[in-house]
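No value in this document is a laboratory result; all are computed from the given coordinates. Not measured: the values here are computed from a predicted model. Cβ placement follows ideal geometry from the backbone for every residue including glycine, while neighbour counts extend to all protein chains displayed.
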């Protein structure tokens with residue numbers, strides 16, 4: 001087990017370096033001079049030269065990549081051109097807001113999504129099933145910005161619709177994100193449970209004389225939640241890396257907003273930093289999913305480790 | 001006459017499909033006495049598994065028992081509330097299935113799966129006692145290293161071992177009747193022999209009645225006292241294994257017996273001509289007549305009854321309308 005986890009962690013390192021490399025190269029070829037972004041058009045030539053030297057801007061890209069990687073390993077993702085603050089501290093500042101939003105949305109989606117999926121599967125084609133699946137379909141297919149705007153209109157005056165200064169401010173954006181996630185989870189739980197209920201070992205459990213509730217809770221649920229766990233981990237990591245649209249719409253100063261601001265102001269180090277942070281979070285989420293999966297499913301445990 | 005342990009009386013099981021009604025089991029009457037082992041034989045799709053599923057109440061939608069009665073130990077299963085019936089399932093009547101590879105829950109250890117049956121049907125049993133009994137059952141069915149196997153997951157066990165676990169699970173509560181639905185079909189021949197041997201030993205030792213569903217006449221000859229031959233949802237012939245193997249009655253049974261490969265013979269393997277009829281479009285008259293080499297004009301019009309060819313040996317064929325019937329050419 002420990003061997004399996006260690007192996008999975010080690011595998012993520014080259015992935016992370018590869019991603020940093022790709023982002024670095026891509027952003028290096030984007031036209032635009034960082035110094036112009038920082039100080040506008042009217043700057044003296046000798047100032048530019050001095051700064052270029054200090055920021056390693058004259059070096060070839062691979063040397064700069066080396067520097068960048070070295071600094072990144074020490075937790076330094078560079079300095080924002082626009083805000084003149086270290087990228088790491090900007091992200092560290094924005095992340096708690098994203099985290100709070102993500103946790104609320106995820107909790108909401110699990111509490112609603114999983115039971116809805118189970119009920120829909122057990123009472124297949126009933127009114128409850130159609131109702132839940134209708135809501136789930138809306139959550140999955142209606143884009144966040146339109147759900148968000150509709151909610152903002154509906155609850156204007158009742159709940160805060162913008163900003164991030166009290167727990168109340170969390171409700172609407174968490175609803176937007178949670179609805180979407182709950183829809184996916186409910187649909188996946190339903191289809192997975194329906195599939196599992198057709199399996200032979202469910203017949204065995206019924207032949208044993210177990211009541212339908214025990215069959216579902218004791219034998220079907222654990223098996224049917226395997227794909228759902230993967231989905232939940234992916235969702236949480238994508239929520240943690242910043243919900244770009246929702247954060248922008250509700251003016252939440254989280255990681256997603258930071259990335260959008262970076263793009264708007266062509267703030268390359270900041271953009272690079274947020275993208276790398278997002279990648280790391282997603283890789284971490286997948287890793288967590290793998291480990292969790294191996295805890296739940298004994299078949300994976302044996303193949304991977306021991 | 002002594003009351004049979006399991007009595008299936010004129011059972012009808014129908015699947016309500018979009019294309020029409022499929023009468024998978026069409027008026028089947030079967031009796032199994034305590035301690036007896038009875039074979040149900042027939043081709044795939046003849047309704048033998050569906051008969052068992054109807055007894056166990058494991059039919060999947062759109063299947064439904066819509067006629068006939070099933071009695072177990074003098075009590076009518078078909079009229080029992082589900083909760084009461086569940087107290088018998090896995091306890092007094094248990095079942096093992098054809099697919100040992102997929103019939104065990106992959107995320108629960110095999111020991112717990114066996115223990116679960118005990119705890120379910122014995123309210124006052126502690127977990128430790130149940131584990132002890134489950135381990136005994138493991139040893140009884142010949143699982144080597146039972147203590148270690150107890151904590152393992154199904155995927156760590158071979159097909160033969162998994163089927164032994166299934167048997168342990170089925171036998172652990174000491175059932176009066178064990179329904180075995182092709183228990184050895186998915187296993188290779190040497191394992192098949194071992195499992196059959198085990199089941200025979202258990203049956204003789206514990207006095208459990210066995211309903212052995214199979215398409216393998218060799219299994220029947222080796223294992224069973226009596227035999228029912230099914231075709232397209234109906235019982236075609238019934239009698240003791242001795243009687244039927246010595247003096248086969250129904251042309252279908254005869255065809256089945258001639259279809260068993262013979263290692264000595266150099267001749268081409270016999271097969272029954274034609275195909276199993278679609279259950280949606282059954283032929284008029286006798287169901288087997290389009291494939292039967294003895295069919296007469298009457299067979300295409302009327303459906304034969306079960307006629308007593310000799311005491312205890314019944315055949316659904318007009319050839320036996322007057323007792324023994326004419327000698328077949």
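Label sites at residue B:129 and residue A:107, each approximated as a point 7 angstrom past Cα along Cα to Cβ, lie 4.4 nm apart.
Using only Cα atoms, what is the ratio of the radius of gyration of the stretch A:172-253 to 2.2 N^0.38 Å? Intermediate values should be presented prior to the final figure.
Details: Rg = 17.5 Å, N = 82, 2.2 N^0.38 = 11.7 Å.
For the stretch A:172-253, the normalised Cα radius of gyration comes out at 1.49.
Neighbouring Cβ atoms from other chains, within 10 Å of the Cβ of residues in B:106-116, number 4 on average.
For the stretch A:137-210, the alpha-carbon radius of gyration amounts to 1.72 times the rule-of-thumb value 2.2 N^0.38 Å expected for a compact globular protein. Out of every Cα pair in the stretch A:73-136, what percent are spaced more than 15 Å from each other? I get 67 percent for the Cα pairs in the stretch A:73-136 exceeding 15 Å. Each principal axis of the Cα cloud of the protein assembly as shown was evaluated for its coordinate range; sorted largest first, these ranges are 121, 57, 54 Å.
Provide the FRET efficiency to the nearest 0.05 for the residue A:265-residue A:156 pair, computing r from the beta carbons and using R0 = 41 Å. Write out the running numbers ahead of the final one.
Values: r = 30 Å, r/R0 = 0.73.
Computed FRET efficiency for residue A:265 and residue A:156 comes out at 0.85.
Peptides B:270-277, B:175-182, B:62-69 ranked from most to least packed by the mean count of surrounding Cβ atoms within 10 Å: B:175-182, B:62-69, B:270-277. Semi-axis lengths, largest first, of the ellipsoid equivalent to the stretch B:1-58 are 24, 12, 9 Å, with √(5λ) applied to each eigenvalue of the Cα gyration tensor.
Calculation over all alpha carbon pairs of the stretch B:101-172 in 10 angstrom steps from 0 returns a P(r) of 23, 59, 17, 1 percent. In a GNM of chain B with a 10 Å cut-off on Cα contacts, which of B:269, B:11, B:118 has the highest mean-square fluctuation? Of B:269, B:11, B:118, the most mobile in the Gaussian network model is B:269.
Would you calculate, for chain A, the mean residue ellipticity at 222 nm contributed by helices, counting each DSSP H stretch of 4 or more residues as -39,500 (n - 2.57) and dividing by all residues, to the nearest 500? Write down the numbers at each step before the final one.
Working: 14 runs with 229 residues, N = 306.
Result for chain A: -25000 deg cm²/dmol, rounded to the nearest 500.
Protection proxy ranking, highest mean first, for peptides A:190-196, A:20-26: A:190-196, A:20-26, where packing is the per-residue count of other beta-carbon atoms within 10 Å, averaged.
Remark: the stretch A:50-89 is approximated by an ellipsoid whose semi-axes, taken from the C-alpha gyration tensor as √(5λ), come to 17, 15, 6 Å, largest first. Here the calculated FRET efficiency for residue B:190 and residue B:265, from their Cβ-Cβ distance with R0 = 30 Å, stands at 0.80, rounded to the nearest 0.05. Across chain A, the relative contact order, built from alpha-carbon pairs under 8 Å that are at least six residues apart, equals 26 percent.
Before anything else, pin down the relative contact order of the stretch B:80-203: Cα pairs under 8 Å, at least 6 apart, normalised by residue count, whole percent.
Values: 163 pairs, mean separation 48.0, N = 124.
Over the stretch B:80-203, the number comes to 39 percent.
Sorted fewest first by neighbouring Cβ atoms within 10 angstrom, A:127, A:188 come out as A:127, A:188.
Note on the stretch B:162-298: Cα-Cα pairs beyond 23 Å make up 46% of the total pair count.
Entry note, the stretch A:1-116: relative contact order of 17 percent, from Cα contacts under 8 Å with a spacing of 6+ residues.
For chain A, a Kirkwood hydrodynamic radius built from all Cα pairs, placed in the Stokes-Einstein relation at 20 °C and 1.002 mPa s, yields a translational diffusion coefficient of 97 µm²/s.
Normalise the Cα radius of gyration of the stretch A:1-122 by 2.2 N^0.38 Å (N = residues in it) and let me know the number. Intermediate results must be reported in sequence, preceding the final value.
Values: Rg = 21.6 Å, N = 122, 2.2 N^0.38 = 13.7 Å.
Computed over Cα atoms of the stretch A:1-122, the ratio equals 1.59.
Roughly how tilted is helix A:61-73, in degrees to the nearest 10 and between 0 and 90, from the longest Cα axis of chain A? Taking Cα atoms only, the helix is inclined about 60 degrees.
Counting partner chain Cβ atoms within 10 Å of every residue's Cβ in A:103-115, what's the average? Other-chain Cβ atoms within 10 Å of each residue's Cβ, averaged: 0.
GNM remark for chain A: springs join alpha carbons under 10 Å apart, and the peak mean-square fluctuation among A:36, A:278, A:189 falls on A:36. When only alpha carbons are used to place a centre, the stretch B:84-120 and the stretch A:92-163 end up 39 Å from one another.
Partner shielding of A:195-205 amounts to 6, given as the average count of beta-carbon atoms from other chains within 10 Å of each residue beta-carbon. Based on alpha carbons, the Rg and Dmax found for the stretch B:61-200 are 15.8, 47 Å. Peptides B:28-37, A:290-299, B:75-84 ranked from most to least packed by the mean count of surrounding Cβ atoms within 10 Å: B:28-37, A:290-299, B:75-84.
Each label point was placed 7 Å from the Cα along the Cα-to-Cβ direction; for residue B:276 and residue A:84 their separation is 8.5 nm. Be a star and scan the stretch B:124-148 for residues whose amide nitrogen sits under 19 Å from the point 7 Å along the Cα-to-Cβ vector of residue B:158. Within reach of a label on residue B:158: B:138-148. Here is the tail figure for the stretch A:206-288: Cα pairs spaced more than 14 Å apart come to 70 percent of all pairs. Exposure proxy shown here: for B:281, B:215, B:121, the number of other Cβ atoms within 10 Å sets the order, fewest to most, as B:281, B:215, B:121.
When the gyration tensor of chain B is built from Cα positions, what are the square roots of 5 times its three eigenvalues, in whole Å, from largest to smallest?
Values: eigenvalues 265, 99, 67 Å².
One finds semi-axes of 36, 22, 18 Å for chain B.
With everything on Cα atoms, drop me the angle between helix A:144-154 and the longest principal axis of chain A, reported from 0 to 90° to the nearest 10. Approximately 80 degrees, to the nearest 10.
Rounded to the nearest 0.05, the FRET efficiency derived from the C-beta distance between residue A:36 and residue A:149 at R0 = 35 Å is 0.45.
Evaluated at 20 °C with a viscosity of 1.002 mPa s, what Stokes-Einstein diffusion coefficient in µm²/s does the stretch B:226-329 have when Rh comes from the Kirkwood expression over alpha-carbon pairs?
Approximately 149 µm²/s, per Stokes-Einstein.
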